[in-house]
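J.: Below are the structure tokens for one structure; questions will follow.
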Amino acid sequence: MLKRLVYELKINLGQREYLLEILNYEYVIPDEFHTCVKDALKKNATNSHYSEEAIDSMLRKPQSMAVSIGAIRDNNLSLFRGKFAEWLACIEYNALKNKGIVLMTIINPDSTSKADLLHIIKKGDKYEAIPGPDIKCGGSSYVFNQWKKIVTNRYDIPMVDMDDVLTTEEGLNMLTEKQRMEFEQLKQSYPKKKPIKSKWNKQDINRLMIDYLKYVSDGITPFDSDDKPFVANKDNRERIKDKIFNLPQKPISQSNWGDFCNRSSELFSIQENYLNPMTIAKLEQKKRDKEIQEKTKLLGETLREDRKKTSENYIEKSNRAHGINNVSKPKQKGIMTNIAKFFGYDRPTEMFAEVAVKAVTALAVEGGRAIAGKMIHSSSGSNQSLSDNKRNARTSNDTNDVKNSTSERSQVDSSIEHIVKKHGQHYNTREGPIWKEKEPYTRGKKNESM
């Protein structure tokens, strides 16, 4: 299994999540390794004037990927990428390469040293720190020139080629013809100084670097599947530095390099569905936010329904108090209002009132008409023969009888004619109810006055 991982290093989503968890810590050198690391710093330092206090400070100072945020330049991540590659190489050594007497590999506390990494080994009952490789990545000419310096000046330090410039045919084809010839000559002269190929590839480095930058700047994890690019500029750099270093409580935790070694060893066995603590916290927060949103929506709907019922109840009570029925329904109310306005009324209630008065009056008139009609029909039936013989000779007595009851004179030529007495009647108008006197008139004959 390990051999397959070495030759087919493919990092999944869960491993990307776990890697960010590793890089979110700052690491200190365990006390038992202080002596050997101090000796290595003195031996491999490019600055021979380090004081004891300066070296002791390096030993005690925590190291983290976050410290390298200052290496971001406007529109240029090259320097930061080089620092990030050192941490990936350190993980690679601890996870895949160290064996035997090599206990662990750490980042060199002396950032000016040519050896970017230090290997801590155990010989007998003593620990020893020996220089690890110089980690290089970037353009073809830069990588080639750095390797040439190491070969000719620092024979005891190897170089890891993170971008496969000098370790693949594709990378070598990017060299000029002169550089390619010089490379072949140096490789023959220093057979033990061949550049070391990394198990990481260029695409992995770029993707993981952007993962980290989005993680520390905006809390975006690989699980979020966010395609938002990271913009390399001063504002973003200062914002991240302020977030990481200037807050009252640092967002990164502290551990030691022994823990870093163990975590690195576990990296390539992490499953696809692994989520780091930040992602889990974000998912739980999203779940809580969704629950709150649903409860708020339900509460809002309940309140709206309560307000609607309260309003309807109020309207219904108000209508009952004013003698109005079935006008609480918006559609019906709107129709009746339109009908009232069509007939010249301001409100439906005015229209209803006037119609009711007219209906009562009409019923009274029709009732009188029906009674008179029955009386006339009855008289006509009992004296049918007399009427047939004397139809053209009506006496003045009939006329006098009618005159005595109505104080007016009228002739009745048919069974449906009758006399309406002088009377008054109420009318509802827009100005209010009025009383109007009406002169007597004959019902049944038009245009005939008394």
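Every number here is computed from the coordinates shown, using simple stated rules; none is lab data. Computed from a prediction, not measured in an experiment: that's the story for all the values here. Note: ideal-geometry Cβ built from the backbone for every residue, glycine included; neighbour counts use all protein chains shown.
J.: Specify whether the C-alpha gyration tensor of region 55-95 places it in the rounded, prolate or oblate class, a ≥ b ≥ c being the square roots of the eigenvalues: rounded for a/c under 1.5, otherwise prolate if a/b is larger than b/c and oblate if not. The partial results should precede the final answer.
T.: Numbers: a/c = 3.23, a/b = 1.27, b/c = 2.54.
Because a/c hits 1.5 or more and a/b fails to exceed b/c, region 55-95 counts as oblate.
J.: Computed FRET efficiency, Cβ-Cβ of residue 56 and residue 299, R0 45 Å: what is it to the nearest 0.05? Walk me through the numbers on the way to the answer.
T.: Values: r = 62 Å, r/R0 = 1.37.
Given R0 = 45 Å and the Cβ-Cβ separation, E is 0.15.
J.: If you don't mind, another one. Provide the packing ranking of 297-310, 159-172, i.e. peptides ordered by the mean count of other C-beta atoms within 10 Å per residue, highest first.
T.: Ranking the peptides 297-310, 159-172 by packing returns 159-172, 297-310.
J.: Name all residues of region 16-45 having a backbone nitrogen under 12 Å from the label point set 7 Å from the Cα of residue 218 along its Cα→Cβ direction, giving them as ranges.
T.: none
J.: Between beta-carbons, use under 13 Å as the cut-off and find the net charge around residue 54, counting Lys and Arg +1, Asp and Glu -1. List each step's numbers first, then the result.
T.: Values: positive: 38, 42, 60, 61; negative: 52, 53, 56, 110.
So the environment of residue 54 carries a net charge of 0.
J.: Could you tally the net charge around residue 111, taking each other residue with its Cβ under 13 Å from the Cβ of residue 111, Lys/Arg +1 and Asp/Glu -1? Please list the in-between numbers first.
T.: Values: positive: 61, 83, 114; negative: 86, 110, 116, 134.
Computed value for this residue: -1.
J.: Something else now. Over 10 Å intervals from 0, what percent of Cα-Cα pairs in region 2-275 sits in each interval?
T.: 6, 27, 36, 25, 7, 0
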